[in-house]
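The values are calculated or read from the model by the stated rules, or taken from the named source; none is laboratory data. Every value quoted in this text rests on a predicted model; they were computed, and no experiment measured them. FYI the Cβ positions are ideal-geometry reconstructions off the backbone, even for glycines, and counts take in every protein chain you see. Surface areas here come from the heavy atoms of the whole protein model, side chains and all, with no ligands, DNA or RNA. Shrake-Rupley method; radii C 1.70, N 1.55, O 1.52, S 1.80 Å.
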Amino acid sequence: GAVVSQHPSWVICKSGTSVKIECRSLDFQATTMFWYRQFPKQSLMLMATSNEGSKATYEQGVEKDKFLINHASLTLSTLTVTSAHPEDSSFYICSARGRRSNTEAFFGQGTRLTVV
Amino acid sequence: KQEVTQIPAALSVPEGENLVLNCSFTDSAIYNLQWFRQDPGKGLTSLLLIQSSQREQTSGRLNASLDKSSGRSTLYIAASQPGDSATYLCAVGVTNSGYALNFGKGTSLLVTP
């Protein structure tokens, strides 16, 4: 299967700072990338969908000014958590999909964010 | 909105047993369904992908079936092993959601030696 690399795998930051998470498709062109988060003992919830070169589409309840998503190339998407607060502590995971609409979505390894 | 439910929420079985995990979804307009494994604190490992036109997929000791009309999928694990202990997630891709995946809450499986 295709490889999606997510970095960092874990990060601890202070309240009020910003954190950037990178998601790269290593061996295919990701026309669409998805960002999910998972709170403890909960399922993965979609935060936003981004298509290369377009603004991201955010799910209801997700603040677009707080969670900045950039998908400037076909192999890289970034999620920046701005002015992080302890309640933003979660597991963030990206997935990428290629050009075919029924293509399997490939997931990164996830990022454990802890805001102290 | 697509709702994905997984039953049971948790399961403990002795090694060697065959077991079935259930997944149901409310909107049959799916384009595929995937089963994942998630180990504690880790990312997702894709186990099986079933396209909407397919009825089942098999990989080793795993077999997943899909009945789109009834909104159900099952994951069958044969001859379970302690290494199978993990959380198993069912996710459906819905056409009108930009092909994002809607996840269930998972079934936490413990296989005891």
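Can you tell which of B:Ser28, B:Ser73, B:Ser69, B:Ser52 is open to solvent by less than 50 Å² (accessible area, probe 1.4 Å) and either over 24 Å from B:Val13 (Cβ atoms) or of a type in the set (Asp, Glu) (or both)?
After applying the criteria, what remains is B:Ser52.
Only one of these conditions is not met by B:Gln57: (1) open to solvent by 50 Å² or more (accessible area, probe 1.4 Å); (2) over 13 Å from the mean Cα position of the chain (by Cα). Which number is it?
Answer for B:Gln57: the failing condition is (2).
Pick from A:Ser83, A:Ser77, A:Ser90: which is touching a His at 6+ places or on another chain (Cβ under 6 Å), at pLDDT 90 or above and either surrounded by fewer than 17 Cβ atoms within 10 Å (Cβ to Cβ) or more than 10 Å from chain B (Cβ to nearest Cβ) (or both)?
Being touching a His at 6+ places or on another chain (Cβ under 6 Å), at pLDDT 90 or above and either surrounded by fewer than 17 Cβ atoms within 10 Å (Cβ to Cβ) or more than 10 Å from chain B (Cβ to nearest Cβ) (or both) holds for just one of A:Ser83, A:Ser77, A:Ser90, which is A:Ser77.
Mind listing whichever residues of the range A:71-111 are out of contact with any Pro (no Cβ under 9 Å at 6 or more places or on another chain), within 23 Å of B:Gln38 (Cα to Cα), in contact (Cβ under 8 Å) with a residue 60 or more places away in the chain and not in a loop (DSSP other than H, G, I, E, B)?
A:Tyr92, A:Ile93, A:Cys94, A:Ser95, A:Ala96, A:Arg97, A:Phe106, A:Phe107
For A:Glu63, indicate whether it is facing chain B (nearest Cβ under 10 Å), charged (D, E, K, R) and surrounded by fewer than 17 Cβ atoms within 10 Å (Cβ to Cβ).
Considered against the rule, which asks whether it is facing chain B (nearest Cβ under 10 Å), charged (D, E, K, R) and surrounded by fewer than 17 Cβ atoms within 10 Å (Cβ to Cβ), A:Glu63 comes out as no.
Go through the range A:1-55 and tell me which strands (runs of 3 or more DSSP E), entirely inside it, have 2 or more residues that are within 12 Å of A:Ser95 (Cβ to Cβ).
Strands (runs of 3 or more DSSP E) meeting the threshold: A:4-7, A:19-25, A:32-38, A:45-51.
Can you name the condition, by its number, that B:Phe36 falls short on among (1) more than 14 Å from the chain's Cα centre (by Cα); (2) buried (at least 21 other Cβ atoms within 10 Å of the Cβ)?
Going through the list (1) more than 14 Å from the chain's Cα centre (by Cα); (2) buried (at least 21 other Cβ atoms within 10 Å of the Cβ), B:Phe36 breaks only (1).
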